[in-house]
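Written out below as structure tokens is the structure these notes cover.
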Amino acid sequence: MKDTPVALDYLKFNDSNSIRVPAEDLHKQVSAILQGVGTPEEHAEITAKILVSSSLRGVETHGVANVVRYSQSIEGGEYTVPQTVETISETGTSALLSCGNGLGFVAAHQGMEMSIAKAKELGLGMTTIRDGHHIGMVGYYPMMAVEQDMIGMAMTNGNKSVRPALGARPRLGTNPIAFGAPAGEERDFNLDMATSTVASGKIALAKRLGVQMPVGWTVSAEGEPITEPRGERGEDWAINPLGGTREQGSHKGYGLGLVVEILCGVLSGGGFGAQLSPGQNMTWTMAIDIAKFRDVDDFKAMMDDMIRELHATPTLPGEDRVLVAGDPEADCEDDRLVNGVPVENGQYDEMRARAIELDVEVFI
Amino acid sequence: MVSKVKLNDSNSTRVPAGALQQQLSSIFRAVGTPEDDAKVAAKVLVSASVRGVDTHGVANVVGYSKNVEDGVYTVPQKTEVLSESETTALVSGGNGIGLVSAYRAMEMAIEKAKKQGLGMVSIKDGHHVGMVAYYAMMALEHDMIGMSMTTAAPAVRPALGAKKMMGTNPIGFAAPAGEERDFVLDMATSTVASGKVALARRIGVPIPEGWAVTSEGEAITEPPAGENETWALNPLGNTREQGSHKGYGLSVMVDILCGVLSGGGFSSQLARGENMSWVMAIDIGRFRDIDEFKSMMDDMIRELHATPTLPGEDRVMVAGDPEADATDDRLANGVPVENGQYAAIREQAVELGVEVVI
């Protein structure tokens, strides 16, 4: 079963449409821009670390270029900076936090740190975060747990863009789920997936690059497939939930999308997708201390066995190799740490212009 | 086509749920299952049938009780705690009836969540747990969120792969609503559960393209006769461009929580009939007022129900709606049991010398 020819490969940056920049320089630049609009150094550093990590891992849609609009959101007063991440309720294993309407990264990072600390103490830790904004690449936060020999999970909801199964209007966010677990000699398992067929960033990218989308990604309010990417969100089109159609399991992507709404939006009280404005995002994190269940080395050795077995699976005709979640990102990171991070030409210019505008040092 | 693989009154016999509970319990007892365990196993199976999840329903008592008789299941079974903390436990299902060990594990998770806010149990040495959402739903009456997952021997191919490597590895998730029906998700991480392909085969209808492929990657529409190496189910998402890596990724997540965290083994290490499981309970009251939580659940569910539909669709549903509809009907009018399966249950009762009450 060959995939229909698509422009998936066009949705990637390459050396002709982008400029390679060393990761450290990007980090300094992102941090400087954020500090240039009044973000405390510690918060700017956390945010820069996560944005650069996304760019290193090839998740461009959540990468360094976003610093421009975040800094504009801060200047425009949509983000409250400096922010106070407030603990609204807390137990030995759980916490409800308010992001204080500041940078989502800062609260999500703190949320995962708290989950990890609680898990060290009692085996499990869970935080849910309200009054929040965009947290970037959700897969970053589980990796924080993986470094501590834990399993990590994170989810985040957002303003409505995805239709429910059988429905014809957007009602849920793309609501991604991330899950990380440590391996031994193999690469760690790192799943980061929107619960829609495709993340909204991919649609925006297709629009920017002027390429068609495959049938199955989005539909009109009449349920007709759309292949011409639209820019503005509205009631006249929606992204399909993972599964796409009733027959192919759209109720599953939809159901998972609602799990995310419940853990992020309802458990925190911050609100579900249909209640959120664009730019509002509620978040949930969890850490599981593996050693409370079994020996960590045994766990990792079994992870290695599983990953090796999956890698050795015979492929579909025309495919190179079977991957495991996190492989493409780890490949990308290996390359980019050595050769620099490609930043799309237009975005590179925007970042520099923004630095100059804010009168901070230009590092890139 | 999907609706054709449903039971109806011409191919099945309606039986009251109470009689099914009694019949199943007596069959389990007759093969040596202690009374408490027999009741639990019967309850989980009857619940699946009442909810319309017929593939995981009462008819399975025949296979399970034969497994007990043949020594495939160890009964009486002991649910042994291998390691434990305030919030977690690793238990061995003692190779007994999977339904019983998953039920006991969820009881433990709920107890831990009552004390500490969260509870999680991973189960090794296990067998089939039936409808996985049952265990998540056990959390609901305690005003908790419940989660449950289970693995199985390979039936599903990885994204880009052509050979089955993972089980259909379903995920269950339940959260309480107030006036609306509770949210109950129960989904295989493959495009379809294997039971649906078997049912299509039995009923003699083709399956849609996208459910299964041959080892050469060709779409299959004729439901295959049985599990073998010549075909595999697709992961949810099906193709690279429609997100097959997502269904695949979720399925490996289930393998990690059930199989690797427990040490019981991941899908491709399991023999047919072996299943590792994982359950979790979250005490909502630790985060926020439970009534406010439920009322926001109600708001969300109403908003979703009010979504305009795609052309030709009746209404937008929320996970758990079809099962709650089936429950309303089946509690009032009896549970339809497919004629052949009805006969098989009665036959097993007669063979074991227990009273036939259905």
Determine, for each peptide in B:72-80, B:7-15, A:112-120, the mean count of other beta carbons within 10 angstrom over its residues, then list the peptides with the highest first. A:112-120, B:72-80, B:7-15
State to the nearest 20 debye the size of the charge dipole of the stretch A:150-273 about its Cα centre, where the only charges are +1 on K and R beta carbons and -1 on D and E beta carbons. 260
Rounded if a/c is under 1.5, else prolate if a/b beats b/c, else oblate: with a ≥ b ≥ c from the C-alpha gyration tensor eigenvalues square-rooted, which is the stretch B:204-358? rounded
Give the average, rounded to an integer, of partner chain Cβ atoms located within 10 angstrom of each Cβ in A:287-298. 5
How about B:Lys163: which aspartates and glutamates have a C-alpha closer than 16 Å to its C-alpha, ignoring those fewer than 8 places off in the same chain? A:Glu309, A:Glu319, A:Asp320, B:Glu216, B:Glu218, B:Glu227, B:Glu229
By the scheme Lys and Arg +1, Asp and Glu -1, what is the net charge of all other residues having a beta-carbon under 12 Å from that of A:Met213? +1
Test item: A:168-181 mean partner chain Cβ contacts at 10 Å: 3
If I take the Cα coordinates of chain B and project them onto the principal axes, what are the three extents in Å, biggest first? 52, 51, 43
Excluding residues on the same chain fewer than 8 positions from B:Lys78, give the lysines whose Cα lies under 22 Å from its Cα. A:Lys292, B:Lys39, B:Lys43, B:Lys66, B:Lys112, B:Lys124
Which value at 222 nm does chain A reach when only helices count, each DSSP H run of 4 or more adding -39,500 (n - 2.57), with the total divided by all residues and rounded to the nearest 500 deg cm²/dmol? -11000 deg cm²/dmol
Let me know the mean shielding of B:211-223 by other chains, meaning the per-residue number of their Cβ atoms within 10 Å of its Cβ. 2
Would you mind putting B:345-357, A:206-218 in packing order, based on average other-beta-carbon counts within 10 Å, highest first? A:206-218, B:345-357
Dipole magnitude of the protein assembly as shown, debye to nearest 20 (Cβ charges: Lys/Arg +1, Asp/Glu -1, about Cα centre): 1200
Within the stretch A:84-303, the percent of DSSP beta bridges that are antiparallel, given to the nearest 5, stands at 85
Test item: Cα-centred dipole of the stretch A:84-303, Lys/Arg +1 and Asp/Glu -1 on Cβ, debye: 640
Could you calculate the contour length gain from B:Ser10 to B:Glu218, that is, 0.36 nm times the residue separation minus the distance between their Cα atoms, to one decimal place in nm? 71.4 nm
Can you tell me what share of the DSSP beta bridges in the stretch A:1-131 is antiparallel? A percent to the nearest 5 is fine. 45
Charge dipole of the stretch B:125-198 built from unit charges on the beta carbon (Lys, Arg +1; Asp, Glu -1), centred at mean Cα; most positive-end Cα among B:Val129, B:Leu160, B:Ala177 is B:Leu160
Based on the alpha-carbon gyration tensor of chain A and its eigenvalue square roots a ≥ b ≥ c, which shape applies: rounded if a/c is under 1.5, prolate if not and a/b is larger than b/c, or oblate? rounded
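Coordinate-derived values only; no laboratory data. Keep in mind the model is a prediction, meaning the values are calculated, not measured. Heads up, the Cβs are rebuilt from the backbone with ideal geometry, glycines too, and the neighbour counts pull from every protein chain shown.
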